[in-house]
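> First the structure, then my questions, so here it is.
Quick note: the coordinates plus some simple rules give every number you see, no bench work behind them. Note that the structure is predicted; figures quoted are calculated from it, not measured. A quick note on method: Cβ atoms are made from the backbone with ideal geometry, for glycine too, and the neighbour counts reach across all protein chains shown.
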Amino acid sequence: MRGRKPLPSKLKQLKGTARVDRDNPDEPKPKAAIPSCPPFLNEPAKAEWERITPILLENGLLTGLDRAALSGYCTAWGVWVDAETELEKQGLVIKIIDSQKQPQFRQNPYLKIADHAMAKIRQFAVEFGMTPSSRSRISVLKSQLKKIPLIISEQKSDFSESRAFGSGFFIG
């Protein structure tokens with residue numbers, strides 16, 4: 001597909017750009033729901049899941065189908081929090097000893113990890129309308145919000161807690 005990827009009809013409605021002549025009548029319209037939190041998320045990722053899901057649901061931007069994308073967002077969040085915590089402890093520059101036993105100063109590897117995680121967070125955040133620029137294109141009518149039913153998905157996960165490892169990375 002060339003050009004911009006199409007926006008879901010829900011986002012077009014919220015932005016006020018929906019047009020009947022461009023409507024996709026076959027587009028799936030899942031119900032608003034909070035999917036179950038995957039057990040493999042680390043603690044900061046789980047906390048972000050608990051913080052953001054009610055907000056997304058309240059704005060009609062979350063369904064049971066969004067579990068994987070939201071997991072990606074929260075996993076990136078957890079990695080970013082862990083990397084920032086290590087940067088706080090170690091600093092931006094670390095001292096290493098080279099092969100000639102001479103001290104060398106290098107950028108802390110956690111800085112690159114934090115930057116990469118933040119890029120991923122931004123990518124997922126745009127998908128859910130969680131950035132100022134993506135949010136500025138959306139206008140929500142209060143009458144629409146009152147019609148959104150609260151459904152909490154009781155999906156069973158085939159991931160076990162014992163398969164979760166480290167900073168939110170899944171080891172299969």
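> With a 10 Å Cβ neighbour count serving as the proxy for reagent exposure, in which order, fewest first, do Ile55, Ile97, Ile34 appear?
The fewest-first ordering by Cβ neighbours comes to Ile97, Ile55, Ile34.
> For Ser133, Ser36, Ser71, what's the fewest-to-most ordering of other Cβ within 10 Å of each Cβ?
Going from least to most buried by this count: Ser133, Ser36, Ser71.
> In addition: If one computes the Cα centroid of segment 43-72 and of segment 87-125, what distance in Å separates the two points?
29
> Here's something else I'd like to know. How do Asp26, Asp66, Asp98 rank when sorted from fewest to most other Cβ atoms within 10 Å of their own Cβ?
Asp26, Asp98, Asp66
> So which trypsin sites (Lys or Arg not before Pro) in segment 38-141 are both in a DSSP loop and have at most 10 other Cβ atoms within 10 Å of their Cβ?
Counting only loop positions with at most 10 other Cβ atoms within 10 Å, the trypsin sites (Lys or Arg not before Pro) in segment 38-141 are Lys101.
> Next up: Determine, from the Cβ-Cβ distance of Ile97 and Val126 and an R0 of 30 Å, the FRET efficiency 1/(1 + (r/R0)^6), rounded to the nearest 0.05.
Calculated transfer efficiency: 0.10.
> Set the bar at 30 Å for Cα to Cα. Now go through Lys29/Lys120; Lys46/Lys112; Lys46/Lys89; Lys31/Lys112 and name every pair that lies beyond it.
The answer is Lys31/Lys112.
> Could I ask something else about it? How large, in Å, is segment 1-136 by the Kirkwood hydrodynamic radius built from its alpha-carbon pairs?
Radius from the Kirkwood sum: 17.5 Å.
> Using Cα-Cα distances under 8 Å and only pairs 6 or more residues apart, what relative contact order does segment 21-63 have, in percent?
Relative CO of segment 21-63 lands at 53 percent.
> Taking each pair of distinct Cα atoms in segment 11-62 once, what is the resulting Kirkwood hydrodynamic radius in Å?
So the Kirkwood estimate lands at 13.3 Å.
> Work out the length of the dipole vector of segment 50-99 about its Cα centre, built from +1 on the beta-carbon of each Lys and Arg and -1 on the beta-carbon of each Asp and Glu, and round it to the nearest 20 debye.
Computed charge dipole of segment 50-99: roughly 40 debye.
> Further question: Using a Förster distance of 30 angstrom, determine the FRET efficiency expected from the C-beta separation of Arg106 and Thr85, and round it to 0.05.
0.95
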